[in-house]
Amino acid sequence: MPGTPLDADAMAHRAAQEMFSGAVVALGPGLPCRLPDRLPIGGVWFLADSGVVGVRGMDTNTSAVDAEGDSVALIFGGAFTGLVEIAGILRGGHTDIAVLQPAQVAANGDFVHWTTAATNGLFAPGSAVDMAYGASKVVALMPHRNADGSSTIAGECSLPVDGAGQVDIIITDVAVINVGQDGLELVETAPGWTADEVVAMTDAPLAVSSDLKEMTFQVPTLEIPDKVYASAVEALKDVPEGAIINVDGFAGPGGMAHYLMVGLRDLGVKGLQLISNTAGVARVSGFGAPNIIDHSILVENNQVAKATASYPVSPSASRPSAFEKAYNRGETELEVVPQGTLAERLRCGGAGVAAFYTPTGAGTLLAEGKEARTINGKDYILETGLRADFCIIRGHKADTLGNVVYKGTSRNFNPVMATTAKITVVEVDEIVEPGQLGPEEIVTPGLFVDRIVVRPADFSAYL
Amino acid sequence: MTSVPEKPNAKGKLYASVQSALEGISDGASVLVAGYAGRGVPETLLRGLAEIGVGDLTLVCQGAWAQEPGKFGISDLVATGQVKKMVSPLPFHPEYGGPVKDLWESGELELEVVLQGVLAERLRAGGAGIGGVFLPTGARTRFAEGKELRPFDGKEHVLEFALKADIALLRAKTADTLGNMVYDGTGRNWNPIMAMAAALTVAEVDDVFEPGGIDPEMVITQAIFIDRLVLAA
């Protein structure tokens, strides 16, 4: 006799074993939505596609709902976003795990989401497809059988597919199945179930792993990693030679990560490719404080191989910037990008948009070598998303989870740049505890930020 | 927040009636309607649309949730027969069904199902002057059928074009008389992005303050995107 199918709690506990400290976990409707309630864990960012980063679980009379429309509370340090930001978090490589409850999964990882016999011909994908295509790992959390006893796992989907080849692992109420290049492999069975019993109730070829195990339900202890670093040098010491680095630098006053720039200088790492609005004009323009620190300190230290910028020259021809001098000596490369195009390219890089048609620069020198296209009678050129290895940004305050708020126009490029790098380092005036920055005021959610340092009040020691 | 005036001020973009705030909407209009699972839904404006009786509307929205007594949502507007077409990632709840499902099945309502993140990106493109975007989402499925495909970094991408509409109906928590707005929780949802993507934007809010009543660091939708305000009923 087969055992009893697992209940939803046990399935949730097994699903938790796929998570790791600091993971960003997107939750689809159905069973996945209730994971935060069933798991006594912090340490991950549960996403609701309604616009929540950091779901804590169900609660009454809150200002938030999840994908099921249920009222939920946020963790301390949770943040609200709009739906376009959520779409970018899902698509832009920021989501580690998506947990979905498909109606059907095929042997090749195709899945059908909410299509049922009752909605035949129509479908209600919501953002399940966005989650599946965006997440590094897609977990299908679902009963092994439909109410009528038929298998939810099939050789091929019998209904139109919502996601092609997207599912990586299937966790059901009787088994865990890996979806690989060669098809499905049974790797775990629920207590009381044999491999033969699971194979018999699965309507798809199912290989049994030579390392077959019994499912366990130990929930891992997870913590969001400590992001606070002692100094700029500590936070940047793994920047490799030739790294692409986003650095804000609208012009001068505020917004620029002076302390992290000093850290890069002191590390001396060479061949840097900076993406920045200016290539360092604060010093020659004499604005901002400390105006002596801008990109020039890196250029003069022979660390800059290239700049991608919209304002690479000094406003005064008689006072060229350090970068201009280096460029004129043939020591650096330069890619000039209009400011709005630079912002859009960064935004697309961070939001998983490979390329976009922009009207800016069509028919000019800036369009040379780029695809031109007329859409609805208007001329556009194709620009691609930009990504970086590191990003150094300046915030006003951060909490220890990495949530950031800015001050005035020092916001400028910082929030968009924070979304586009493999490792984002922020310097702030003050670090506070989670919950001290409100969910409505957070501009950069903590999932984008990897490292935090406190900026010194006085830079005289670094000049 | 900075200090806020105690009483809302009835000047600027604040319209005295829902009727006047919706003036100019005609038959056949394309309408963006914000809201997600009952939060951030412009109920007063949807009721107003039903009362005005304009028809042949195309709605772009999250979808229709269950009808609730005393509330007025997408389902209720669709039930009036004023809607010709709906563009949505979740047109109706598979279990609940309701007027959207009924009218779709009887052929009186056209449905275009889109992916939530793709819709968000198309609206953003519309609002930000981008002509089209290449997205990985939905490649090799029916969502990519008939669309231009192109590989980037070895991965297939789908070309999606910008989406704009005639009017956006929005719901915020508070506004100032200039039209700067803040939201409440997940009531934010489609509102900021739809505010950018329509020729005419009308928002309903709980309170309207004098300029300065909303901290500039807290503003989510800037005044330049908002044309008309009404107080929520």
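Miscellaneous remarks
- Taken across segment B:201-223, residues that are within 14 Å of chain A (Cβ to nearest Cβ) and of a type in the set (S, T, N, Q) do occur, with at least one present.
- Any hit, segment B:57-65, residues being more than 14 Å from every other protein chain (Cβ to nearest Cβ) and free of Cβ contacts under 8 Å to residues at least 24 places away in the same chain: no
- Of all the numbered requirements in (1) without any contact (Cβ under 8 Å) to a residue 24 or more places away in the chain; (2) under 21 Å from the mean Cα position of the chain (by Cα), A:L47 misses one, and that requirement is (1).
- Residue, nearest to A:A23 (Cα to Cα), within segment A:124-141, restricted to residues that are within 12 Å of chain B (Cβ to nearest Cβ) and of a type in the set (S, T, Y): A:Y133
- Flag for A:F323 being more than 14 Å from chain B (Cβ to nearest Cβ) and modelled with pLDDT of 95 or more: yes
- Residues of segment B:94-103 that turn out to be more than 7 Å from chain A (Cβ to nearest Cβ), surrounded by fewer than 22 Cβ atoms within 10 Å (Cβ to Cβ) and not acidic (D, E), as a count: 5
- Condition met for A:T202 (surrounded by fewer than 17 Cβ atoms within 10 Å (Cβ to Cβ) and among the β-branched types (V, I, T)): no
- For segment A:66-78, a residue qualifies if it is in contact with a helix residue (DSSP H, G or I) (Cβ under 7 Å, 6 or more places away or on another chain) and either surrounded by 24 or more Cβ atoms within 10 Å (Cβ to Cβ) or away from chain B (no Cβ under 11 Å) (or both), and the qualifying residues are A:D66, A:A67, A:G77.
- Selection status of A:G51, among the small types (G, A, S), within 12 Å of chain B (Cβ to nearest Cβ), out of contact with any His (no Cβ under 6 Å at 6 or more places or on another chain) and under 12 Å from A:L27 (Cα atoms): yes
- Test result for B:L169, in contact (Cβ under 8 Å) with a residue 40 or more places away in the chain, crowded, with 23+ Cβ neighbours inside 10 Å, part of a helix (DSSP H, G or I) and more than 8 Å from every other protein chain (Cβ to nearest Cβ): no
- Checked against (1) within 11 Å of chain A (Cβ to nearest Cβ); (2) crowded, with 24+ Cβ neighbours inside 10 Å, B:V78 meets all criteria but (1).
- Of the strands (runs of 3 or more DSSP E) lying entirely inside segment A:90-195, those carrying at least 1 residues that are within 18 Å of A:S209 (Cα to Cα) and among the aliphatic types (A, V, I, L, M) are A:169-171, A:175-180, A:183-189.
- Boolean, B:N191 is more than 9 Å from chain A (Cβ to nearest Cβ), over 20 Å from B:S26 (Cβ atoms) and surrounded by 24 or more Cβ atoms within 10 Å (Cβ to Cβ): no
- Test: residue in segment A:405-419 that is surrounded by 24 or more Cβ atoms within 10 Å (Cβ to Cβ), in contact (Cβ under 8 Å) with a residue 40 or more places away in the chain and touching a His at 6+ places or on another chain (Cβ under 8 Å): yes
- First in segment B:134-159 and facing another protein chain (nearest Cβ under 9 Å) and surrounded by 16 or more Cβ atoms within 10 Å (Cβ to Cβ), second anywhere and among the hydrophobic types (A, V, I, L, M, F, W, C) and in a helix (DSSP H, G or I), Cβ under 7 Å, 6 or more apart: B:L135/B:V118; B:T137/A:V129; B:T137/B:V118; B:G138/A:V129; B:G138/B:V118; B:G138/B:A144; B:F143/A:V129
- Looking only at segment A:370-384, and only at residues there that are farther than 17 Å from A:R345 by Cα and within 31 Å of the chain's Cα centre (by Cα), the one that is nearest to the other protein chains (Cβ to nearest Cβ): A:I375
The values are calculated or read from the model by the stated rules, or taken from the named source; none is laboratory data. This one's a predicted model, so the numbers in the text were calculated from it and none came from an experiment. So basically every Cβ, Gly included, is an ideal-geometry build from the backbone, and we count neighbours across all protein chains shown.
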